[in-house]
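Working notes for the structure below.
The values are calculated or read from the model by the stated rules, or taken from the named source; none is laboratory data. From a predicted model like this one, the values you see are computed outputs, not experimental measurements. Here the Cβ positions follow ideal geometry from the backbone for every residue, glycine too, while neighbour counts run over all protein chains shown.
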Amino acid sequence: MADCGAGGDNHPNGPLQARPGVAWAGLEVIHSPGDNPTPKADPVSDTSSPRGPLRRILEASRPARPWQDGDQLPWSDPAFSRRMLDVHLDPATHMASRAPDVIRAHVDWLLEQLKARAGTPGPWRVLDVGCGPGLYVHELAARGHAGCGFDFAPAPLRWARDHAVANSLDAVFLEADLTALPGDFAALAGAPFDAVTFWFGEFHSFRPEQARAFLPRLASLLRPGGLFVLEYQPWDLFVKEDAATWSAVDSSPFGARPHLWLEEFAWDEDARAEIHVHWIVDADTGETSRFAQCNQAWQDDELLDALAAAGIADVRTHPPITGVADEFEFPVLVGKRS
Ligand SMILES: C[S@@+](CC[C@H](N)C(=O)[O-])C[C@H]1O[C@@H](n2cnc3c(N)ncnc32)[C@H](O)[C@@H]1O
């Protein structure tokens, strides 16, 4: 991959986003009694077990296997998405969504890319994949560009729409699952776009076969010469060793009540993926829930091949845009639809 980094040739990234003490850029969540338990949670409540609720944690087979023992966060679960919305919108953290000044800097950078490479004068039309509460789309629209974002998390989408209406922004938000886009998605979204963006390394939370299926769909939403922008986690930044940690919290995206939050991290060399397991132990009832999230590592050449197969060429690598936090900001690939 060509490296055209403004501001440096080697990205300064250190630990990855979902390691001990950091937790969840995309985690895997929830299940709290009395707080709309998440349907996707494992059938973990085993307070009735004669052997005690913690046995399940003790006796779990280790290490957990990526994609087999869990996959993605329950983003689309209503209760989880409500709690996660607070994290997205918290300006004091880069978790789930980066802080507003970082997003503004990312949008500055995106507009520079469009100016330099899109071949058309603005204003531009941008589609944001997995837009969450629409912070990028809002920022673009506030600067006179037309944006469309899609996601399948209900609470952030609702907030995104309300904010756009309240501020008279030219922004559209669609509820759609990236792994099951409807046949008429291009028409619904208003394709073609000058750029399709996929921020935050969320790309890695999909299995390789899913990614290879959705990349051509996303590319087809670009006009020829339009930019595909992918924030990604390079192979070397995956921590390839196992670890465990725990914390005691009053609440978290996993639940609204006090709980112990036990985390296990395992790297699977065969799958070339990591799995992050969350055990949630309710402080009052002892009820135990298990959640897991996976991140697939890609070698550079594999990723380039997948992009080429999707019709994305002339791919350049940029270092993290602001360098604000190694674990919450990654390099960015920018290619063009051929
Ligand atoms: C880490 S958040 C980033 C949100 C937003 N891109 C930002 O940077 O502010 C990942 C987002 O991807 C969304 N997402 C994950 N899987 C998805 C899928 N299959 N279809 C649509 N959106 C998805 C989640 O709901 C979540 O809003």
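The residue pairs whose first member lies in segment 105-121 and is at negative phi, whose second member is acidic (Asp, Glu) and surrounded by 19 or more Cβ atoms within 10 Å (Cβ to Cβ), and whose beta carbons are closer than 9 Å, counting only pairs six or more residues apart or on different chains, are HIS106/GLU139; HIS106/GLU231; HIS106/GLU329; VAL107/GLU139; LEU114/ASP194; ALA118/ASP194; THR120/ASP194.
Highlighted here are the strands (runs of 3 or more DSSP E) found entirely within segment 145-259 that include at least 1 residues which are under 18 Å from the mean Cα position of the chain (by Cα): 146-151, 171-175, 193-198, 222-231.
In segment 284-298, what count of residues is obtained for those that are polar (S, T, N, Q) and under 19 Å from the mean Cα position of the chain (by Cα)? Total meeting the criteria: 3.
Elements of the type strands (runs of 3 or more DSSP E) sitting completely within segment 276-338 and holding at least 1 residues that are modelled with pLDDT under 95: these cover 288-296. Within segment 107-139, being in a helix (DSSP H, G or I), out of contact with any Gly (no Cβ under 9 Å at 6 or more places or on another chain) and more than 13 Å from the ligand (Cβ to nearest atom) holds for ASP108, TRP109, GLU112, GLN113, ALA116. In this structure, does SER247 turn out to be within 21 Å of PHE80 (Cα to Cα), surrounded by fewer than 21 Cβ atoms within 10 Å (Cβ to Cβ) and among the polar types (S, T, N, Q)? Answer is yes for this residue. Kindly indicate whether any position in segment 215-231 is acidic (Asp, Glu), assigned by TED's automatic domain parsing to the domain that holds THR120 and at pLDDT 95 or above. The answer is yes; a qualifying residue exists. Looking for something more than 10 Å from the ligand (Cβ to nearest atom), buried (at least 19 other Cβ atoms within 10 Å of the Cβ), of a type outside the set (A, V, I, L, M) and under 22 Å from VAL332 (Cβ atoms) - is there at least one such residue anywhere in segment 147-154? Yes: segment 147-154 contains one or more residues that are more than 10 Å from the ligand (Cβ to nearest atom), buried (at least 19 other Cβ atoms within 10 Å of the Cβ), of a type outside the set (A, V, I, L, M) and under 22 Å from VAL332 (Cβ atoms). Against the numbered list (1) of a type in the set (Asp, Glu); (2) within 16 Å of the ligand (Cβ to nearest atom); (3) modelled with pLDDT of 90 or more, GLU28 comes up short only at (3). What pairs come out if I take residues in segment 64-86 that are in contact (Cβ under 8 Å) with a residue 40 or more places away in the chain and pair them with residues that are outside any loop (DSSP other than H, G, I, E, B) and hydroxyl-bearing (Ser, Thr, Tyr) whose C-beta lies under 7 Å away, six or more apart or interchain? Within 7 Å, the pairs are GLN72/SER205; TRP75/SER81. Check segment 248-257 and report whether any residue there is over 25 Å from LEU135 (Cα atoms) and free of Cβ contacts under 8 Å to residues at least 12 places away in the same chain. Yes, segment 248-257 has at least one match.
Inside segment 277-332, residues that are on the phi > 0 side of the Ramachandran plot and assigned by TED's automatic domain parsing to the domain that holds PHE198 make up a count of 3.
Considering only residues in segment 88-106 that are more than 18 Å from PRO253 (Cα to Cα) and among the β-branched types (Val, Ile, Thr), the one that is farthest from the ligand (Cβ to nearest atom) turns out to be VAL102.
Checking every residue in segment 161-168 against the condition of being in contact with a strand residue (DSSP E or B) (Cβ under 7 Å, 6 or more places away or on another chain) and in the same structural domain as ASP326 (by TED's automatic domain parsing) gives at least one match.
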